[in-house]
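Engineer: Here you go, one structure.
The values are calculated or read from the model by the stated rules, or taken from the named source; none is laboratory data. As the structure is a prediction and not an experimental result, all values here were calculated from the model. In this analysis, Cβ positions are derived from the backbone assuming ideal geometry, glycine residues included, and neighbour counts consider all displayed protein chains. Note: areas computed on protein heavy atoms with side chains; ligands, DNA, RNA excluded. Shrake-Rupley method; radii C 1.70, N 1.55, O 1.52, S 1.80 Å.
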Amino acid sequence: MTLSDTPARYGLVSRLLHWGMAALFAAQFVSAAAHWALPRENALREALWSYHTDLGITLFFLVLVRGVWGLMNISKRPEQSGRIGTAAVAGHAAIYALMVIVPASRILAAAGSTRGFSYLGIEIFAPRAVEVAWMQVASEWHGEMGWVLALLVLGHIAMAVIWHRIVRQDGVLERMAG
Ligand code: HEM
Ligand code: HEM
């Protein structure tokens, strides 16, 4: 398998980013679901929540790398054809946008907060004396946007597995998984 993408299939780097991030996103959504569904002071909720920030920031860095790699490979990637293909491009673009906006909204809020902010124990933003109000605005929608991303991903998986693999059997799943 080549490192770069080819018109027939995604290469090794794109696959590592796609499947590695898919596993990390699964863990991130499990953490968010526990935060939403379980009562406060529940030990499992706290354990699953303890990694939400560090994993969220890791995913933010990874999506930037993935975006740059995607742009470098854009002319070589498997082509999307027809109406379903156009819908797939729009769907992937929406997933990309939310993969950036969802963590960025919270990082911006943390940068403007009085609590300060650390990544893997390293202080990134020192606490501010006064909260910056405009930096908090987008983060009010962080959770909702996160759930929209989760729904898009569910639709994406259904399209890949049910539509492409089971109904059409057109080899689209195989260009990322085969
Ligand atoms: C791609 C990365 C991320 C995803 C998919 C994500 C997803 C979510 C979701 C779905 C919720 C709602 C949970 C609920 O309903 O109780 C949530 C809440 C939260 N997340 Fe994230 N998150 C990500 C990154 C981050 C980052 C980087 C931070 C911190 C810098 C963060 C901090 C929080 C906090 C404090 C809450 C609870 C308050 C709220 O709902 O806004 N998240 N996240
Ligand atoms: C079981 C889970 C998953 C399956 C079976 C799956 C399947 C696929 C397949 C077959 C492709 C290639 C589509 C094509 O060539 O048109 C693809 C691409 C893509 N997938 Fe997934 N996927 C899964 C999880 C995820 C997750 C969790 C995300 C993001 C949170 C994601 C985001 C993307 C994006 C943005 C692309 C476009 C190519 C790229 O830039 O990597 N996928 N997926």
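Engineer: So for the pair Ala22, Leu62, with labels modelled 7 Å out along Cα→Cβ, what separation do we get in nm?
Structural biologist: 1.2
Engineer: Amide H of Ser118 versus every other amide H placed in the peptide plane: which residues, excluding those fewer than 5 positions away on the same chain, fall under 5 Å?
Structural biologist: The list, which skips near neighbours in sequence, is Ile124.
Engineer: Over region 6-74, average the accessible area per residue using a 1.4 Å probe and give it in Å², no decimals.
Structural biologist: Roughly 58 Å² per residue, with all protein chains present.
Engineer: Skipping prolines and chain starts, which residues have an amide H placed within reach, meaning under 5 Å, of the one on Thr6, given they are 5 or more residues away or on another chain?
Structural biologist: Hits under the 5 Å cutoff: Gly11.
Engineer: Moving on to the next point. Quick one: Karplus J couplings for region 121-129, per residue in order, coefficients 6.51, -1.76, 1.60, θ = phi - 60°, nearest Hz, x for Gly and Pro?
Structural biologist: Rounded to whole hertz, the list is x, 9, 5, 9, 10, 6, x, 8, 5.
Engineer: Sorted by average packing, counted as other Cβ atoms within 10 angstrom per residue and highest first, what order do 24-31, 163-170 take?
Structural biologist: Top to bottom by mean Cβ count within 10 Å: 24-31, 163-170.
Engineer: When the accessible area of the chain is computed with all protein chains present and a 1.4 Å probe, what percentage of it is carbon and sulfur?
Structural biologist: Its accessible area is 69 percent carbon and sulfur atoms.
Engineer: Work out which GluC sites (Glu not before Pro) in the chain are exposed loop sites (DSSP not H, G, I, E or B, at most 12 other Cβ within 10 Å) and give the longest gap free of them.
Structural biologist: Of all site-free stretches, the longest is 80-178.
Engineer: How large is the helix-only mean residue ellipticity at 222 nm for the chain, computed as the sum of -39500 (n - 2.57) over DSSP H runs with n ≥ 4, divided by its residue count, in deg cm²/dmol to the nearest 500?
Structural biologist: -20500 deg cm²/dmol
Engineer: Another one. For an R0 of 45 angstrom, estimate the FRET efficiency from the Cβ-Cβ distance between His92 and Ala129 and round to the nearest 0.05. Before the final figure, lay out the partial values.
Structural biologist: Working: r = 42 Å, r/R0 = 0.94.
FRET efficiency, His92 to Ala129: 0.60.
Engineer: Over all pairs of distinct alpha carbons, what does the Kirkwood formula give as the hydrodynamic radius of the chain, in Å?
Structural biologist: 18.1
Engineer: Next question. Mind giving me the nanometre distance, one decimal, between the label points for Leu55 and Trp141, set 7 Å out from Cα along Cα→Cβ?
Structural biologist: Once both label points are built, they end up 2.5 nm from each other.
Engineer: If R₀ is 25 angstrom, what is the calculated FRET efficiency for the pair Ser81 and Ala177, using the beta carbon separation as r and rounding to 0.05? Show your work: numbers first, answer last.
Structural biologist: Details: r = 20 Å, r/R0 = 0.78.
It comes to 0.80.
Engineer: Also: If each of Leu71 and Ala104 carries a label point 7 Å out from its Cα toward its Cβ, how far apart are those two points in nm?
Structural biologist: Rounded to a tenth, the inter-label distance reads 1.2 nm.
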